[in-house]
Amino acid sequence: MKPDPGRLLKERAADLGFAITGSASVLPVPGAEAFTSWIERGLHGSMDYLAQRAADRLDPARLLSGARSVFMAAVNYARGEPLSPQLGMGQVARYAWGRDYHNIVGKRLKKLQRFALNELGMETYRCVDSGPLLERQYAAEAGLGWAGRHTLLINPDMGSWLLLGGMIVDRELEPDIPGTDACGSCRLCIDACPTQAISFKRREVDARRCISYLTIESRVALPRDLRAGIGSWIFGCDVCQEVCPHNRNTACSADPAFSPDDRNAVISLESVLSASDDELRARFHATPLARPGPAGLRRNALVVAGNQKVEGLAPLIRMLAGDADPLIRGQAVWALGQMGDMSTVEKLRSDPDAGVRDEAEALLSRR
């Protein structure tokens, strides 16, 4: 009897450090209708790559000729209790405390892909997050857990502190039993979301209101009506996961690549606001915090400084109110306005950039 290729893939994946694995049939594509509706309603915000490759996500055969199954794998990055926000510090989502997970998961998948080809004769296509595969939906279909109301995958033993990777294969693998939804009528994540980004009825997130999207993917001024909700989050957000009952008793990850590490757990606002672009690039190289770029991090730090009203940073923020980038000038004006420095705000009402002028006028109109 020939060995089961799905079992061999699972064994090799476990050796490579994946915590949980499973297989699902490639068709029908799980969650296809919901994804299409989400895109059509513009809830993906400025993440145009999601819409541009929608056809690939809805037909894995476009990615791999002869696609038959999807093999899903996840690593656990649980890091213990949340850190309390401190004045002058910005919080960072747990997944970004260490190295870029795309590299960690991607390298493991590449080794698994090589094993599938050399040992099992399988052609494959691998994806980690940015690839055109409905990973969360396939992971639920493959029995790794279920999609929670916050849309993240929840595993009954590990909670939602999971990072996913997928591999489309040209072999029929024995499908695993899909995960069973255990959210019930719970709405803790919905009620706790600072920017009200989660829909209870549709079980979806409006990216345009999500703190993770705003602080990582957005490249423009953060919406005025959502800035207070961003609180102290300088990169990403863990609120919906922190309140989830399924995360209450999860232990820290045993994966050495995700061992507790607080180097980037909280970041000094002053260190971001005073650093040059090159210094920020060097500091956050090969970490998720490189994603927003220097301007994005500076913008985020200004919003957090305004929310915290860190008056000790006012001199530095006044300097940034004269920055060459209108995005930075506008957010600096807003931060100073929160601290009551209306004299600087008054000066910027004649700024050459319309966005900066609008920020100043909005603050002055409240007096």
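The values are calculated or read from the model by the stated rules, or taken from the named source; none is laboratory data. Please read all numbers here as calculations on a predicted model, not as lab measurements. We place every Cβ from the backbone using ideal geometry, glycine too, and count neighbours over all the protein chains shown. Note: accessible area is taken over every heavy atom of the protein model, side chains too, but ligands, DNA and RNA are not part of it. Shrake-Rupley method; radii C 1.70, N 1.55, O 1.52, S 1.80 Å.
Ignoring aspartates and glutamates fewer than eight residues from residue 107 along the same chain, the ones with Cα atoms less than 14 angstrom from its Cα are 15, 129.
Using only the heavy atoms of the protein chains and a 1.4 Å probe, how would 160, 212 rank by accessible area, largest first?
On the way: 160 5, 212 35 Å².
Putting 160, 212 in descending order of accessible area: 212, 160.
The local environment of residue 105, defined by Cβ-Cβ distances under 12 Å, has a net charge of +2 under the rule Lys, Arg +1 and Asp, Glu -1.
In this Cβ point-charge picture (+1 for Lys and Arg, -1 for Asp and Glu), the chain has a dipole of about 80 debye about its Cα centre.
Translational diffusion coefficient, Stokes-Einstein: compute it for segment 109-261 using the Kirkwood radius over C-alpha pairs as Rh, at 37 °C and 0.692 mPa s, and state it as an integer in µm² s⁻¹.
On the way: Rh = 17.5 Å.
It diffuses with D of about 188 µm²/s by this estimate.
How much of the DSSP beta bridge set in the chain is antiparallel, as a percent to the nearest 5? Restricted to the chain, the bridges split so that about 95 percent are antiparallel.
Rounded to whole numbers, the Karplus 3J(HN,Hα) couplings from phi for segment 105-115 are 5, x, 5, 5, 5, 4, 5, 5, 4, 5, 5 Hz, using 6.51 cos²θ - 1.76 cosθ + 1.60 with θ = phi - 60°, and x at Gly and Pro.
Given all pairs of different Cα atoms, what value in angstroms does the Kirkwood hydrodynamic radius of segment 112-201 take?
Working: mean 1/r = 0.0672 Å⁻¹.
One over the average 1/r among Cα pairs gives 14.9 Å for segment 112-201.
For segment 184-197, putting each phi into the Karplus relation 6.51 cos²θ - 1.76 cosθ + 1.60 with θ = phi - 60° gives couplings of x, 9, 4, 9, 4, 5, 5, 5, 7, 4, x, 10, 6, 8 Hz, in residue order, rounded to whole numbers and with x for Gly and Pro. Between residue 48 and residue 203, residue separation times 0.36 nm minus the direct Cα-Cα distance comes to 53.7 nm.
Secondary-structure-derived ellipticity at 222 nm for the chain, considering helices only, amounts to -10000 deg cm²/dmol, per-run term -39500 (n - 2.57) for DSSP H runs with n ≥ 4. When the alpha-carbon atoms of segment 43-133 are used, the pair Rg, Dmax equals 17.6, 56 angstrom. Against the empirical curve 2.2 N^0.38 Å, the C-alpha radius of gyration of segment 1-78 lands at a ratio of 1.38. For residue 201, go through the aspartates and glutamates and keep the ones whose alpha-carbon is under 16 Å away, minus same-chain ones fewer than eight residues off. Reachable aspartates and glutamates: 33, 181, 191. Most tightly packed first, judged by the mean number of other beta-carbon atoms within 10 Å of their residues, the peptides 47-53, 150-156 read 150-156, 47-53. Taking 13 Å as the straight-line reach from the Cα of residue 347, the aspartates and glutamates in range (excluding those fewer than 8 positions away in the same chain) are 358, 359, 361. Across the chain, Cα-Cα distances exceeding 35 Å account for 30% of all pairs.
Each 10 Å bin, from zero up to the one with the longest distance, holds this percent of the alpha carbon pairs of segment 1-152: 9, 34, 34, 17, 4, 1, 0.
Here the 3J(HN,Hα) profile of segment 8-20, calculated from phi with Karplus coefficients 6.51, -1.76 and 1.60 at θ = phi - 60°, is 5, 5, 5, 5, 5, 4, 5, 4, 7, x, 6, 7, 9 Hz, Gly and Pro shown as x. Unpaired Cys in the chain, meaning no second Cys C-beta under 4.7 Å: 127, 183, 186, 193, 210, 237, 244, 252.
Here the accessible area is traced with a 1.4 Å probe on the protein chains. For segment 52-174, carbon and sulfur cover 43 percent of it. Which angle from 0 to 90°, rounded to the nearest 10, does the C-alpha axis of helix 354-364 make with the longest principal axis of the chain? Taking the Cα atoms of the chain, the angle to 354-364 is about 60 degrees.
For residue 33 and residue 281, the FRET efficiency from 1/(1 + (r/R0)^6), where r spans their Cβ atoms and R0 equals 35 Å, is about 0.30. Compactness of segment 105-162, taken as the C-alpha radius of gyration over 2.2 N^0.38 Å, stands at 1.29.
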